[in-house]
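Engineer: Take a look at this one; I'll ask things after.
The values are calculated or read from the model by the stated rules, or taken from the named source; none is laboratory data. Remember, it's a predicted structure, so these values are computed and weren't measured experimentally. Please note: Cβ atoms are built from the backbone with ideal geometry, for glycine as well, and neighbour counts cover all protein chains shown. With ligands, DNA and RNA removed, areas are computed over all heavy atoms of the protein, side chains included. Shrake-Rupley method; radii C 1.70, N 1.55, O 1.52, S 1.80 Å.
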Amino acid sequence: MYLIDGHNLIGSLRDISLSDPNDEALLVQKLIGFSARTGKKCVVVFDHGLPGGRSRWSTAAVEVVFASSRSNADALMTERIRRAADPAAWTVVSSDNSVLTAARTRRLRTLTSAEF
């Protein structure tokens, strides 16, 4: 299972731009393809969706979550890392040092966005 910082990953891709108004939807489509090829499930977290929470874009393989205006993706990811029941089953994908440190502290595997 992958826990992915969506905007960090978009920022490391050559074929999707953070300035594209459809950047999140394009990444979700890529992750659906990734899950189909690998059999791995993903949770992708984005900053500031309205109203926040689980998105209707979610599928059985890719859960899409938007932080509310009172939070951010890093905080949501850190909370999920803290609550992970089986840390060995998770890989965290982010370029944010505080998120990666939280994951390493709980012994979750980590990849930077560029490595993913």
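Engineer: Counting Lys and Arg as +1 and Asp and Glu as -1, what is the net charge of the other residues whose Cβ lies under 13 Å from the Cβ of Cys42?
Structural biologist: That sum, taken over residues with Cβ under 13 Å, equals +3.
Engineer: Running Debye on the chain with equal point scatterers at the Cα sites and no solvent, what base-10 log of I(q)/I(0) appears at q = 0.17 Å⁻¹?
Structural biologist: -0.78
Engineer: Could you work out the per residue convex hull volume over the alpha carbons of segment 65-116, in cubic angstrom?
Structural biologist: Spelled out: Cα convex hull of segment 65-116, divided by residues, is 82 Å³.
Engineer: Report the gain in length on full extension from Glu115 to Met1: 0.36 nm times residue separation, minus Cα-Cα distance, nm rounded to one decimal.
Structural biologist: Separation in residues times 0.36 nm, less the Cα-Cα distance, equals 39.4 nm.
Engineer: Let me ask something else. At 1.4 Å probe size, with every protein chain present, just tell me what the per residue accessible area of segment 1-43 comes to in Å².
Structural biologist: 54 Å²
Engineer: Next up: For segment 62-68, in order, what is each residue's ³J(HN,Hα) by Karplus, 6.51 cos²θ - 1.76 cosθ + 1.60 with θ = phi - 60°, in whole Hz (x at glycine and Pro)?
Structural biologist: 10, 8, 10, 10, 10, 5, 6
Engineer: Would you pull out the residues with amide H under 5 Å of Thr91's amide H, same chain only if 5 or more places away, H placed 1.01 Å from N?
Structural biologist: Excluding prolines and chain starts, which carry no amide H, the hits are Tyr2, Leu3.
Engineer: Related question: What relative contact order, as a whole-number percentage, does segment 1-99 give when Cα pairs under 8 Å and 6 or more residues apart are counted?
Structural biologist: Across segment 1-99, relative contact order equals 33 percent.
Engineer: Under a Cβ-Cβ cut-off of 12 Å, what is the net charge of the residues other than Asn97 that fall near it, where Lys and Arg count +1 and Asp and Glu count -1?
Structural biologist: -2
Engineer: In whole Hz, what ³J(HN,Hα) sequence does segment 18-29 give by Karplus (6.51, -1.76, 1.60; θ = phi - 60°), x for Gly and Pro?
Structural biologist: Once rounded to whole Hz, the list reads 4, 7, 6, x, 9, 4, 5, 4, 5, 5, 4, 4.
Engineer: Continuing with this model, one more query. Once you have all Cα-Cα distances for segment 14-60, histogram them in 5 Å bins from zero and send the whole-percent values.
Structural biologist: The calculated distribution, bin by bin, is 5, 18, 28, 25, 17, 6, 0.
Engineer: Output the peptides 31-39, 90-98 sorted from most to least packed, where packing is the average of other Cβ atoms within 10 Å over each peptide's residues.
Structural biologist: In descending order of packing, they fall as 90-98, 31-39.
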